[in-house]
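Working notes, structure below.
The values are calculated or read from the model by the stated rules, or taken from the named source; none is laboratory data. Quick caveat, the model's predicted, so the values are computed rather than measured. Note: ideal-geometry Cβ built from the backbone for every residue, glycine included; neighbour counts use all protein chains shown. Quick note on the areas: whole protein, heavy atoms, side chains included, nothing else; ligands and nucleic acids left out. Shrake-Rupley method; radii C 1.70, N 1.55, O 1.52, S 1.80 Å.
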Amino acid sequence: MFETHLDATYAWLGLALVSVAAVGVVAALPASPPPDASGVAHTIDSVAAGEHPATAEHGLAADRIRLTDRSVALGGEGGAAREPLRASRITPVPAERHGASDADGLRRVLGGVPPDAAFDDPEAFAAAAERARARDDEWRPAPDRLTVRRVHYGGVRVTLVG
């Protein structure tokens with residue numbers, strides 16, 4: 001009645017090993033999904049594809065962001081997500097200061113200042129936007145809200161994102 005069967009011992013050991021493995025798999029799963037890069041890309045595309053000047057904001061639930069003139073990538077606890085942009089090229093405007101007056105002027109325009117108040121002429125504005133697009137696209141800390149602004153200054157049409 002109180003005998004220990006050899007096969008029962010192996011069954012209990014097998015069950016214990018499977019339980020430990022299952023706990024390990026569950027612990028390795030991310031606690032949250034990756035950030036919503038497709039929603040951000042849709043907001044950027046909506047503003048960039050328009051014919052008229054426009055501004056939009058999109059809330060971010062991400063720790064880091066990487067903007068290029070053709071894609072947006074977001075990273076967070078749940079992993080990273082990347083989405084291509086369908087509209088014309090965008091101009092990434094970093095939030096942090098690098099000491100360049102171009103970036104300061106673009107940040108001011110992104111914040112709502114008219115381009116003619118931040119730049120001397122449309123050519124200077126176009127050159128600043130081109131230099132901003134040529135910068136290295138590296139991961140940066142993500143802001144709480146991403147601002148997208150399509151601006152026309154003379155014959156120059158630029159979509160600023162930052």
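So, in segment 40-87, of the ones that are in contact with a Gly (Cβ under 7 Å, 6 or more places away or on another chain) and assigned to a strand (DSSP E or B), which residue ends up most open to solvent (accessible area, probe 1.4 Å)? Out of the qualifying residues, it is ARG64.
Residue selection: ARG107 satisfies the criterion of being under 22 Å from GLY155 (Cα atoms) and either in a loop (DSSP other than H, G, I, E, B) or out of contact with any Lys or Arg (no Cβ under 6 Å at 6 or more places or on another chain) (or both).
Scanning segment 106-140 for residues that are among the acidic types (Asp, Glu) and more than 21 Å from the chain's Cα centre (by Cα) yields ASP116, ASP120, ASP121, GLU123.
Note on segment 1-37: among residues that are outside any loop (DSSP other than H, G, I, E, B), among the small types (Gly, Ala, Ser) and at pLDDT below 75, the one that is surrounded by the most Cβ atoms within 10 Å (Cβ to Cβ) is ALA8.
Note on segment 125-162: residues that are of a type in the set (A, V, I, L, M), closer than 13 Å to ASP69 by Cα and in a helix (DSSP H, G or I) amount to 3. Taken as a whole, the structure places GLU57 among residues that are modelled with pLDDT of 95 or more and among the charged types (D, E, K, R). Scanning segment 93-101 for any residue that is under 15 Å from ALA73 (Cα atoms), part of a strand (DSSP E or B), of a type outside the set (S, T, N, Q) and under 22 Å from the mean Cα position of the chain (by Cα) turns up nothing. Mind listing just one residue for me: the one in segment 117-127 that is more than 18 Å from ALA48 (Cα to Cα) and not acidic (Asp, Glu) and, of those, surrounded by the fewest Cβ atoms within 10 Å (Cβ to Cβ)? Within segment 117-127, the match that is surrounded by the fewest Cβ atoms within 10 Å (Cβ to Cβ) is ALA117.
A quick yes/no check of all residues on (1) modelled with pLDDT of 95 or more; (2) surrounded by fewer than 16 Cβ atoms within 10 Å (Cβ to Cβ):
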| site | (1), (2) |
| --- | --- |
| ALA95 | no, yes |
| ALA100 | no, yes |
| ARG108 | no, no |
| ASP137 | no, yes |
| ARG149 | yes, no |
